[in-house]
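The structure under discussion appears below in the form of structure tokens.
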Amino acid sequence: MIHFISDLHISSRSPGVARRFLHYLENSAIQVQQLFILGDFFEAWPGDDCIDDPGEQLNREIVCALKKLSDAGVSVSVMHGNRDFLLGATFAKRSGATLIADPHEFSVPTAKFVLSHGDALCTADHEYQAFRATVRQQDWQTSFLSRPLVERKAIAAAMRQQSERAKEDKLRQQHTYLMDIDVVATEDFLRRHEATFFIHGHTHRPAQHVHRVDNRTIERWVLADWSEDRGEALCFDGQGLYRRPL
Ligand code: LP5
Ligand code: MN
């Protein structure tokens, strides 16, 4: 069994999500072969040194719980999202997780998967794509990570506020399509990655779509975000995918 989750946005401000996740690790994830976490696992990740931030005990607790899971033999793979693109080598070492690139392809005997967080396919959102291109540069990241943690946390909080305002503007102007993945870009992507299943998160619009590309049929499954009263894993049992409320 393989599980896929994303968009937990773990933070001390939503303790119910962290509790649900820890319960999920001990009771369900422990029984699977592979767990894929496809981005925005954390609400905002200012750098791996936040694991030992005395003010953020939760980060350490989550990292230790993942380590326990990986030590028990579950393969844990983590992909960057737009909130936690600074998860790095220290996080990987401390959690036992493998950081995987976006997109990530893998196959099992019965199916071929391509996985992504989803933000890279929101191509109509030019402002966001420009921001993304900047913060994904190695030089930008090295310079940002050289600032003190307290400063990085303040910048992240300011960016979060700016992002919420930008999203309100997009809603007000009825430009909600900017916050979804672009269909043409997606079909180009599916042409390049010959998969049976495409799984992504980011949009918080859980759904199952069917694309027809070059005479192939691809199922696109959009993962659900987690909240204080809801969590979900997408499960693959060797044949097909189904959603499991947690
Ligand atoms: O995240 P969410 O759901 O609110 O919206 C996203 C896009 N916004 C973002 C920004 C993040 O929320 C910011 C938090 C990152 C925390 C990381 C921690 C450390 C790094 C600090 C980085 C400075 O991803 C939003 C999309 C939406 O998804 C749907 O797809 O619309 O995009 C925006 O809101 C972007 C704005 O439209 C444009 C922002 C321009 C900012 C220009 C500054 C560039 C300089 C960068 C360096 C500081
Ligand atoms: Mn996202």
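The values are calculated or read from the model by the stated rules, or taken from the named source; none is laboratory data. Just so it is clear, the model here is predicted, and its values are computed rather than measured. In this analysis, Cβ positions are derived from the backbone assuming ideal geometry, glycine residues included, and neighbour counts consider all displayed protein chains. Each accessible area value is taken on the protein alone, full model and side chains, heavy atoms only, with ligands, DNA and RNA left out. Shrake-Rupley method; radii C 1.70, N 1.55, O 1.52, S 1.80 Å.
Summary of values
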{"item": "Residue within region 27-43 that is within 16 Å of ligand 2 (Cβ to nearest atom), part of a loop (DSSP other than H, G, I, E, B) and surrounded by fewer than 21 Cβ atoms within 10 Å (Cβ to Cβ) present", "result": "yes"}
{"item": "Failed item, numbered, when PRO54 is tested on (1) of a type outside the set (D, E, K, R); (2) more than 16 Å from ligand 2 (Cβ to nearest atom); (3) at pLDDT 95 or above", "result": "(3)"}
{"item": "Test: GLU151 is modelled with pLDDT under 95, open to solvent by 70 Å² or more (accessible area, probe 1.4 Å) and more than 10 Å from ligand 1 (Cβ to nearest atom)", "result": "no"}
{"item": "All positions within region 99-133 that are away from ligand 2 (no atom under 15 Å from the Cβ), under 22 Å from ILE2 (Cβ atoms) and not in a loop (DSSP other than H, G, I, E, B)", "result": "LEU99, ILE100, HIS104, GLU105, PHE106, SER107, VAL108, ALA111, LYS112, PHE113, VAL114"}
{"item": "Residue within region 217-226 that is open to solvent by 80 Å² or more (accessible area, probe 1.4 Å) and either touching a strand residue (DSSP E or B) at 6+ places or on another chain (Cβ under 8 Å) or assigned to a helix (DSSP H, G or I) (or both) present", "result": "no"}
{"item": "Any hit, region 186-205, residues being assigned to a strand (DSSP E or B) and out of contact with any Phe, Trp or Tyr (no Cβ under 9 Å at 6 or more places or on another chain)", "result": "no"}
{"item": "Residue match in region 129-145 (condition: within 17 Å of GLY39 (Cβ to Cβ), in contact (Cβ under 8 Å) with a residue 12 or more places away in the chain and open to solvent by 60 Å² or more (accessible area, probe 1.4 Å))", "result": "yes"}
{"item": "Candidates SER116, SER163 - the one that is over 30 Å from CYS235 (Cα atoms), open to solvent by less than 80 Å² (accessible area, probe 1.4 Å) and among the hydroxyl-bearing types (Ser, Thr, Tyr)", "result": "SER163"}
{"item": "Residue list for region 47-96, restricted to those being of a type in the set (S, T, N, Q) and either open to solvent by 30 Å² or more (accessible area, probe 1.4 Å) or within 16 Å of ligand 1 (Cβ to nearest atom) (or both)", "result": "GLN57, ASN59, SER75, ASN82, THR90"}
{"item": "Residue match in region 229-243 (condition: open to solvent by 30 Å² or more (accessible area, probe 1.4 Å) and part of a helix (DSSP H, G or I))", "result": "no"}
{"item": "Criterion (touching a strand residue (DSSP E or B) at 6+ places or on another chain (Cβ under 7 Å) and within 10 Å of ligand 1 (Cβ to nearest atom)) met by exactly one of THR203, THR134, THR176", "result": "THR203"}
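One line per residue, one yes/no per condition, for (1) at pLDDT 95 or above; (2) within 14 Å of the chain's Cα centre (by Cα); (3) not in a loop (DSSP other than H, G, I, E, B):
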| position | (1), (2), (3) |
| --- | --- |
| HIS3 | yes, yes, yes |
| ASP7 | yes, yes, no |
| PRO46 | yes, no, no |
| SER77 | yes, yes, yes |
